[in-house]
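This report refers to the structure that appears directly beneath it.
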Amino acid sequence: MIEGQQIIGFEESGEGTDVVKSINPGTGETLGQFKKATPAEVDKAVAKAAAAFQVYRKKSGKEKAAFLEAAADEIVALGDALVSICCAESGLPQGRIQGEVGRTAGQLRLFASLLKDGSWVDARIDTAIPDRQPLPKADIRYMQMALGPVVVFGASNFPLAFSAAGGDTASALAAGCPVIVKAHSSHPATGNMVGKAVAKAAKATGMPDGVFSVLYGDGSTVGTQLVKHPEVKAVGFTGSYGGGKALFDLAAAREHPIPVYAEMGSTNPVFILPETVKSQAEGFAKGFSGSVTLGVGQFCTNPGMLIYENTEDGKQLTGKLEEHFAQTNGGVMLGSNIYRSYNDGVAKHLATSGVETLAKGVQSDALNVASPILFKTNSQVLGDHPDLSEEIFGPTSLVVEAQSKEDILNIARNLSGHLTATVHGTEKDLTDYKDLLDILEQKVGRVIINGFPTGVEVCSSMVHGGPFPSTSDVRSTSVGTAAIFRFTRPISYQGMPQSLLPDELKNSNPLGIWRLVNNTLTKDTI
């Protein structure tokens, strides 16, 4: 049995008696237990983070980069032990977890590179014009600065890349914000191993005690206390709509409201246009079926709806989809609660008049194993039952047959906010359906052409976000270097003496960063 407790800065604490159990979803075996945080331990973690912020926010970009790089190295050094426990807790295969280790370390190193370059602060300088008439112009300088302590909620479906040291943590630490992680109850042992690795890196690189903590407990108790704590200045969350909206409402109801960056899931509609339906049915059907069932469908970018015209060519595509989807496999879901939710969503679709089962993948009665299922309906039924466009988290999708181009455009117009939308089409298709693209760019954070949405590249140009209800703030991304701006705010200095300015804004430009000086982008001194 693995046993663990809170990681509060550079110390561990186990004052409580209640526990979170680590359970293998494939076998039901209890792997270990971790003490839940008491209210006093939550307060201690936040107090440490608040004190650490006053030191950490003043660390140079190179110092913070060294911390992030050390954290990446420590996580990688955990090796097979981390992969083994993560597979056992999540039910995910070894190859997937090994990939997540690489992605987690890669995110930390990507933000370290951003910090070492330093230009991300968006420094802007307007020098004084004291003899300007009729009024003199003051010297004004602008940059981004850290918000303060951030609470990060670990995600169930990414036990590494979106959890203790995942993207939210990496971007908040890069911004200069201490992080308190509320570990996900589906993989507490994984969170504990990673948390200790990050804490070790923080201590080794001279970061302040309290810059990073990991707490265990229920979202309704520990999570609520964290979000309502006056010293917490922002929240990062990846999970369900219900969970994200509850946190958003809590934060908005505070005496001093704070931002909640909640990624709350998405159906990620896919459109396939006429010429492509006619010429690429076989390859598309195979690729789509694989995308829907990849990772047991447990991706926030899983393609949960497919739309195309009900023509003779469309009927051929339907047949190919049925054929290829029947060959797909399910797998162990992340936990029994997620498995139950998946089955509830499937049952709700099956009970809707006008929705039929087009195909089923390989069936299994094993513990918490989801069986793939592909539904089919038409645009009229979808219009009468808009809840059909809501996400079912798992290996399922809904084929919607449209009657015309205008019907397809109307489906797009009636979409709520999603993370992605995908369009498969030839150059002629895409030109003919330019109206569709114009609609979709108002509905999603990422428009994909001739690909599939599963898989999110970690890079500077990525947007992993979208209009509500896919996220709580359409202006943000939780993947890529732009994620750092969720945890910063702009500040201006007017008439500040050179000796007191941050290095980023001094005339001598000691960091050698790009700056907007009197409306000209330059690295020059002033």
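The values are calculated or read from the model by the stated rules, or taken from the named source; none is laboratory data. Remember, predicted model here, so these are calculated numbers, not experimental data. Cβ sites come from the backbone with ideal geometry, for glycine too, and all protein chains shown count toward neighbours. Keep in mind that these areas ignore ligands, DNA and RNA; they rest on the heavy atoms of the full protein, side chains included. Shrake-Rupley method; radii C 1.70, N 1.55, O 1.52, S 1.80 Å.
Summary of values
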item: Distant alpha-carbon pairs in the range 73-122 (separation over 12 angstrom), percent; result: 66 percent
item: P(r) weight above 14 Å for the range 1-51, C-alpha pairs, percent; result: 55 percent
item: Ellipsoid semi-axes in whole angstrom, largest first, where each is sqrt(5λ) of the Cα gyration tensor of the range 229-349; result: 38, 17, 11
item: Within the range 404-501: Cβ-based charge dipole about Cα centre, in debye rounded to nearest 20 (Lys, Arg +1; Asp, Glu -1); result: 440 debye
item: Cα Rg, Dmax (largest Cα-Cα span) when computed across the chain, Å; result: 24.8, 82
item: Computed over the chain: relative contact order in percent, which uses C-alpha pairs under 8 Å that are six or more apart; result: 17 percent
item: Leu501-Val474 pseudo-label distance in nm [points 7 Å out on the Cα-to-Cβ vector]; result: 3.7 nm
item: DSSP H segments from the chain that extend 15 Å or more along their own axis, Cα-based, with Kyte-Doolittle mean of -0.5 or above; result: 39-56, 61-77, 79-90, 94-117, 188-204, 241-252, 281-293
item: Karplus-derived HN-Hα couplings along the range 384-394 (A = 6.51, B = -1.76, C = 1.60, θ = phi - 60°), whole Hz, x at Gly and Pro; result: 6, 10, x, 5, 5, 8, 7, 5, 10, 7, x
item: Whole-Å semi-axes of the ellipsoid equivalent to the range 379-448 (Cα gyration tensor, √5λ, descending); result: 20, 15, 12
item: Gain upon complete extension [Trp514, Asp438; 0.36 nm per residue less C-alpha separation]; result: 24.0 nm
item: Top positive-direction residue, dipole computed over the range 279-376 with Cβ charges, set Gln298, Gly314, Phe288; result: Gln298
item: Unit charges on C-beta of K, R, D, E only; dipole of the range 166-292, Debye; result: 240 debye
item: Within the chain: Cβ-based charge dipole about Cα centre, in debye rounded to nearest 20 (Lys, Arg +1; Asp, Glu -1); result: 1520 debye
item: Whole-Hz couplings from phi, Karplus 6.51/-1.76/1.60, listed for the range 491-496; x for Gly and Pro; result: 9, 10, 10, 10, x, 6
item: Potential extension, Tyr493-Asn310 segment - 0.36 nm per residue separation minus Cα distance; result: 59.8 nm
item: Per principal axis, descending, Cα span of the range 275-419 in whole Å; result: 44, 30, 28
item: Where only C-alpha atoms are counted, convex hull volume of the range 136-222 per residue in Å³; result: 126 Å³
item: Alpha-carbon centroid distance for the pair the range 312-371 / the range 35-101, whole angstrom; result: 36 Å
item: Computed label-point distance, nm, for sites Lys200 and Ala81 using a 7 Å Cα→Cβ extension; result: 0.7 nm
item: Kirkwood Rh and Cα Rg combined as Rg/Rh, the range 116-267; result: 1.11
item: Residues with amide H under 5 Å from that of Glu401, placed H, sequence gap 5 or more; result: Thr377, Asn378, Ser379
item: 10 Å binning of all Cα-Cα separations within the range 378-526, expressed as whole percents from 0 upward; result: 9, 27, 26, 16, 12, 9, 2
item: Label zone at Asp73, where the point sits 7 Å out along the Cα-to-Cβ direction: the range 92-133 residues whose backbone N lies under 17 Å; result: 105-113, 116
item: Residues listed by number, the range 33-71, amide nitrogen under 11 Å from Met1 label point at 7 Å toward C-beta; result: 33-34
item: Ranked packing of 419-425, 23-29, 350-356, 164-170, most packed first, by mean Cβ within 10 Å; result: 164-170, 419-425, 23-29, 350-356
item: Percent carbon-and-sulfur accessible area, the chain, ignoring ligands, DNA and RNA, probe 1.4 Å; result: 52 percent
item: Largest-first ellipsoid semi-axes for the range 1-121, taking √(5λ) over the Cα gyration tensor eigenvalues, angstrom; result: 30, 24, 9
item: Other-chain or far-sequence residues with amide H under 5 Å of Asn450's (modelled H); result: Val423, His424, Gly425
item: For a label point 7 Å along the Cα-to-beta-carbon line of Val447, residues of the range 389-426 with backbone N under 20 Å; result: 405-426
item: Dipole axis of the range 160-263 (+1 Lys, Arg; -1 Asp, Glu on Cβ), positive-most option in Val227, Ala246, Ala164; result: Ala164
item: Gain upon complete extension [Arg132, Asn378; 0.36 nm per residue less C-alpha separation]; result: 81.8 nm
item: The range 369-526, relative contact order in percent, only Cα pairs under 8 angstrom and at least six apart counted; result: 14 percent
item: Helical contribution to [θ] at 222 nm, DSSP H n ≥ 4, -39,500 (n - 2.57), averaged over the chain, rounded to 500; result: -11000 deg cm²/dmol
item: Rounded accessible area per residue of the chain, 1.4 Å, Å²; result: 40 Å²
